[in-house]
Amino acid sequence: MKRLVVLCVLGLALTVVSCKPAEMNGQPGTGPSPDDRLTVEEASRIIGLPVPAPTYLPEGYEISSVKLETHGPPDMWDVTIAIGSSSAEPVTLEANWFSMGMKLPPEVERVTIGDNSAAVFRRTGHVELLWIDSASREMNLTGNEELAFEELVRIAESVTSPPSRVLETGLEPADDLLVLRGESQRLVIHLQNNSSKYLELSVSQDDDLPEGIGVRVHGDSLTLGPQESVDIPVDIDVAHRAPSPTWPHREASYVLSTDPPPPLSGATTSALRYHLRFSVSYSYSTWADTSVEGYANLSTRLTIDAPTVLPPGMVVLEEAEAAADFPVAMLLPQYLPEGISPPPTGYAVSPEEPHSITVFYSGFQVVLSPEPDVSFPPEDVVGERTKIRTKQVVIGEGRIDWWVYDIHFAVISGGVPMPELKLVAESMMLVGPYSGSWLGAGE
């Protein structure tokens, strides 16, 4: 199953122009290929990166061969190193570039391998060590009957952990960009070639931004030598005419009770931003002139509107979260009515404890009030009693109330139509605050 996942993931990112070394442009391929039994040096030349290998071996042991399997180079390889001995079965070291991590029961035996913790599996006739190295590769070292456990651990501790990616990328500044109208700012794309290959690189900006926002990539095509790095400047220009980003809305007029919940459009606690996405395409030759093409993606967010001024008596989200005995942001609506955009104008904290939180959007308010041990609408609450999704609610004049998670929820508005207000309430019912589980979706 793991192999199938790897193939699906890499199919989106990498293209091997020719998977076999034979007959390139009518000429037979030369040199070793991944199908051969290789030395460590030959395997490293094919991958373009040093192969993880032990630097310590017990007396009488030596590396006899290296076998490569590729599921879309240059980022994903399975490497099997056979460590032979004339008097015993070989020891094997497997390095898998793709790893989903390890979730093992606490009773599994463990041993420290450098800065990592390895799981120990004592099989009949041998011991296996399984760990994740510092480059996020899955490592599996299998011993034999002859080799003592302490020697197997010593071999594992000596295994090198070179970079696992041919190309490392980064953005500076790493945080979101604030470029107000009429201003410009420069960001830098960092590119590091970790390999022994020459990389042919091309950098492009992927998003269709509105008129008034310009993105200029300087030096978008280049060759990067082995172990070299380069910084690519990118200038962001925002004109005075640049429009603000808009919040995606869904019409409420056709929504039926059997419809799925409204689409989640992102955090309604954050200001609207544009996304800046960059694609770095690269190619290089591997074995016998086989060409490999890959890409890496980078992204950041661009804000062009000045931050709003907090009204008197209100606090920001972080202060509301600190005052409340419950998570605030994850309980807020993921759907906003037409004409209302994030973020909220502010948050109010009640003076009494436990504190209630009132969240003010431009056209409605959300009130979150702790009411322990109350799971259904109290009898004295006036209004129409019905259900939204699986929750019992009370619909009053310009408001919807419900009780769950020991919290009294209320959505209140004097101007938002009730069908839209129902969608706001529904979008607040999709996630449990402590588990992150989806609730009610598709029922």
*Sorted by packing (mean other beta-carbon atoms within 10 Å per residue), highest first, where do 82-91, 171-180 land?*
82-91, 171-180
*Per 10 Å bin from zero, what fraction in whole % of the C-alpha pairs of the stretch 104-169 is there, up to the bin with the longest pair?*
20, 49, 24, 7, 1
*Run down the aspartates and glutamates and flag those whose C-alpha is under 19 Å from the C-alpha of residue 387, throwing out any fewer than 8 positions away in its chain.*
259, 379, 397, 401, 406, 420, 426, 443
*On average, how much area does the Cα convex hull of the stretch 298-424 cover when viewed from any direction, in nm²?*
10.0
_Sparse-neighbour loop sites [GluC sites (Glu not before Pro); the stretch 39-98; at most 12 other C-beta within 10 Å; DSSP]_ = 59
*With a cut-off of 20 Å, note down the residues of the stretch 164-197 whose backbone N falls inside the zone around a label point 7 Å from the Cα of residue 306 toward its beta carbon.*
177-185
*How would you rank 98-106, 220-228, highest first, on the average number of other Cβ atoms within 10 Å across their residues?*
220-228, 98-106
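No lab work stands behind these numbers, since they all come straight from the coordinates. Everything numeric here is computed off the predicted structure, so don't read it as measured data. Please note: Cβ atoms are built from the backbone with ideal geometry, for glycine as well, and neighbour counts cover all protein chains shown.
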